[in-house]
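Worksheet for the structure shown next.
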Amino acid sequence: MAKRTITYRDLRNTPGRVFERLATGEALTLAAEGEDKAVLIPLEGGDAETALDAWQRGRALLALARLQEEARRAGTADLGMAEINEEIKAARRERRRRESAD
């Protein structure tokens, strides 16, 4: 399997090679100082707006998965609607209390 990581130096010194790899549809990880910093993905027809939208939706899905896992660990994943509504009311009461104290 080909190396999928490139360095900042690769991007700076040989951008043509990087773009050639992207043109084949290969996603690349950009590393700097020995740490992965970003992912470079090829764009279909130069449509950056759609690619960014997909990335944002992907981030939202990952955040949701983390929240669901946290709820399972905390034992709150099986709360009913009445219990959820009580939690919301309690959080709102607490927020109002803090705001009025300021």
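Computed from Cα positions, the angle between helix 81-101 and the longest principal axis of the chain comes to roughly 90 degrees.
The long axis of helix 48-74 is offset from the longest Cα principal axis of the chain by roughly 40 degrees.
By the count of other C-beta atoms within 10 Å, a proxy for reagent exposure, Ile84, Ile41, Ile6 are ordered fewest to most as Ile84, Ile41, Ile6.
Which is the longest stretch in the chain that no exposed loop site breaks, taking sites as trypsin sites (Lys or Arg not before Pro) with a DSSP loop state and at most 14 other Cβ atoms within 10 Å?
It runs 5-102.
Extension gain for Met81-Arg9 works out to 20.6 nm (0.36 nm per residue, less the C-alpha to C-alpha distance). The region of the chain that goes longest without hitting one of the GluC sites (Glu not before Pro) in a DSSP loop, each with at most 15 other Cβ atoms within 10 Å, is 34-102.
Charged side chains reduced to their Cβ positions (Lys and Arg at +1, Asp and Glu at -1) give the chain a dipole of some 280 debye around its Cα centre.
For Arg17 and Glu69, a Förster radius of 35 Å and the Cβ-Cβ distance give a FRET efficiency of 0.35, rounded to the nearest 0.05. Binning the alpha carbon pair distances of the chain at 5 angstrom intervals from zero yields the distribution 2, 10, 11, 13, 12, 10, 8, 7, 9, 8, 7, 3, 0, expressed in whole percent.
Both radii are taken from the alpha-carbon atoms of segment 46-101; with Rh as the Kirkwood radius, Rg/Rh is 1.21. For Leu40, nonlocal amide neighbours, meaning residues 5 or more places apart or on other chains whose placed amide H falls under 5 Å from its own, are Leu28, Thr29, Leu30.
The numbers here are math on the coordinates, done by the rules we state, and not lab data. Source: prediction; values computed, not measured. Every residue, glycine among them, receives a Cβ derived from its backbone with ideal geometry; neighbour counts consider all protein chains shown.
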